[in-house]
Amino acid sequence: MLGSVSTLPQQPQRSPLGGHMVVCGDDALARRLAVELRYVYGERVTLVLPPGRDARRPELPLTGRARAAALFGRMSQAMNRNGGNGSAGAPGNGDTNAGVEAVRILEAPEPSDEAFEEAGVESAAALALVYDDDERNIRAALTARRLNPRVRLVIRLYNRKLGQYLETLLDQAAAVAAPGLDPTAPDASTTVLSDADTAAPALAATALTGSSKVIEAEGLLLRAAERTPPEDGRIADPGLCTLALLSSTTHDPAGAEGSDSSGEEGPQLLPDERQVAAATGRGTVVLEAVSQAGPAGPPPRMGGRGAPLSQFFSRRLRWSALGVGLAVLGLAVASTLTTGDDPLHAAYLTLLDLFAMGDPAIGDPLARQVIQLLSGVAGLMLLPLLVAGVLEAFGSLRTASSLRRPPRGLSGHVVLLGLGKIGTRVLVQLRELGIPVVCVEDDPDARGIPVARRLHVPVVLGDVTQEGVLEAAKIQRSRALLALTSIDTTNLEAALYARSVKPDLRVALRLFDDEFATAVYRTLRTAHPQALTRSRSVSHLAAPAFAVAMMGRQILGAIPVERKVMLFAAVEVAGHPQLEGRTVEQAFRAGAWRVLALDATPPEHRRPDLATPAPASPDGPSGLVWDLHPGYVLRPEDRVVIAATRRGLAELLRRRRSVAPRP
């Protein structure tokens, strides 16, 4: 049932943490996370996978030990080739993996006691549970906490509210099982993350022209905007600071594709002033603005309670009802003027005549008889109006819970393919931004269908590879296509067909295989140089955040720079020789990390989670200070927000452990 495999024939080396790390999962995120921990952070890693191949997930190219080993080999080679770009490798060779053991892979159908014992959870420093099933992750977390109360747990959950409760429960369980454990220490802590929440902002941003990637901390919004290349010989606007330089070979089919192995022509993260000055004609990612995060706006009024009459009755019926009402009002006024009767009594008699309930006006004045006849005619008009109103109301109530079709005149919208976990989160993000969306989904029971119905978002049910489905989504008048299904070939086919209909369409594809994504990226940008093409891997975007959480640090967010990832993290200055006692300018290391902000909240009032706003402190200033003077000296008690490459952050954590090793 259980087995292991090594991917590189080096000699074992003990992890600097004094304990290894275990990753349990059943999809691409588990493998990416193991790669991140092994070949970026240098940790000893055991990866627990289910045996065999899941026939329902044909898009995953790596299931089983042999294919996982191939992934680790390719990733380690790519990272070694890119050792000079902000790497934390050993001096002289740039190979961070020389002399270290490979990832150990076990196969187990379930994360049981026996599987955890074989994986060494009882002595592990951290355990990641990243199965695609929330229930399985919860059961495994409870088992792991019982076996090792001190293990640091990182759990993947789609249900955010349940995740908050689970964090509290498991932290309390650790405190009860190990009374001497420091509750503020990162050891034995529980972190619940969602890969969908991590990747959704980046995926949503690719659909918007000139959109900003937003990182939130302490109630402040950090906006990282992608600037297009300026004219030849000119430097792009640096904003508050330049975070990255984009590839210099944007339209060259043989040029850099923006991944970790792109070389000097690819994107450069955290460049220094000399590199920025030399990079004329290249696009940039800049820190655009820091602003207060305002309260969330009210949700748009959709169907349901308090819906307007227009949701139930057609315009023609409303105009007809208004006409009949005006006719009745005119007859009541005429009755009052001609008979001299009291207005209320005249109106009452008119209504009786309207419903054929009044006595015949025999012997009454001629005017009264004429008004009675006209009221009868109005009553005949009212009967079909009431029947039509009842039928329309029943029809509207019946279809209120059904899916909307795209309206005829819709344009400038985003076509979103796939309403699974990722697509649902991206849909919510786009609606919060006020962007019109049309969804395409072939499964009427998909996770995001109820969300689309609640948000009143048009949905086209059908296979996107069939003719006429994208046309029904008004692809020819859309602004962008987000192909977020879980099958690479489906996303590619949809993108190619959409480009044939509208060559300048912005396209973002969710692709897993890195080599396949490279080929697609190069081909599409060459065939359509005037259009924007992006390939995104959800596991590639989410894995760095999960890895940082396993190291006991908080990740505030991750933004894609082409096909690289830049991290924003909260770091305590104490114990970091690269930061402590240095000025902000001296602490900056090109290609590795950059100090962006200082947490001015007194240490005793700081919140562990920087993603939530901190209350004002009566003892002094609070919140994040973003306009740091370059000469400010970082003190041991400071906490800072840094932008870092994956390798740069790994180097900071390794150096800290060498200064203050874990007991």
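Simple spin-label estimate for Leu329 and Asp627 gives 5.8 nm between the two label positions (7 Å along the Cα-to-Cβ direction from each Cα). Ranked from largest to smallest solvent-accessible area, with a 1.4 Å probe on the protein heavy atoms, Tyr39, Tyr165, Tyr348, Tyr158 come out as Tyr165, Tyr348, Tyr158, Tyr39.
Annotation: amide H of Glu107 within the under-5 Å range of Gly3, Leu49, sequence separation 5 or more or interchain, hydrogens built in the peptide plane.
Would you mind computing, in nm to one decimal, how far apart the modelled labels at His605 and Leu352 are, each placed 7 Å from Cα along Cα→Cβ? My value for the distance between the label points is 7.6 nm. Packing-based ranking of 595-605, 541-551, 271-281 yields 541-551, 595-605, 271-281, ordered from highest to lowest mean Cβ neighbour count within 10 Å.
Less than 5 angstrom separates the built amide H of Ala597 from those of Val641, all sequence-distant by 5 or more or on a different chain. For Arg536, the amide hydrogen comes within under 5 Å of the amide hydrogens of Leu509, Arg510, Leu511, counting only partners 5 or more places away or on other chains and with H modelled in the peptide plane.
At a probe radius of 1.4 angstrom, the accessible area of segment 471-560 per residue rounds to 32 square angstrom. When restricted to Cα atoms, segment 352-506 yields an Rg and a Dmax of 25.7, 85 Å, respectively. Across segment 414-536, Cα-Cα distances exceeding 17 Å account for 51% of all pairs.
The values are calculated or read from the model by the stated rules, or taken from the named source; none is laboratory data. Only a predicted model underlies this, so the values are computations on that prediction, with no experimental measurement involved. Positions of Cβ are backbone-derived with ideal geometry, glycine not excepted, and every protein chain shown enters the neighbour counts. Heads up: the accessible areas ignore ligands, DNA and RNA and are worked out on the full protein's heavy atoms, side chains in. Shrake-Rupley method; radii C 1.70, N 1.55, O 1.52, S 1.80 Å.
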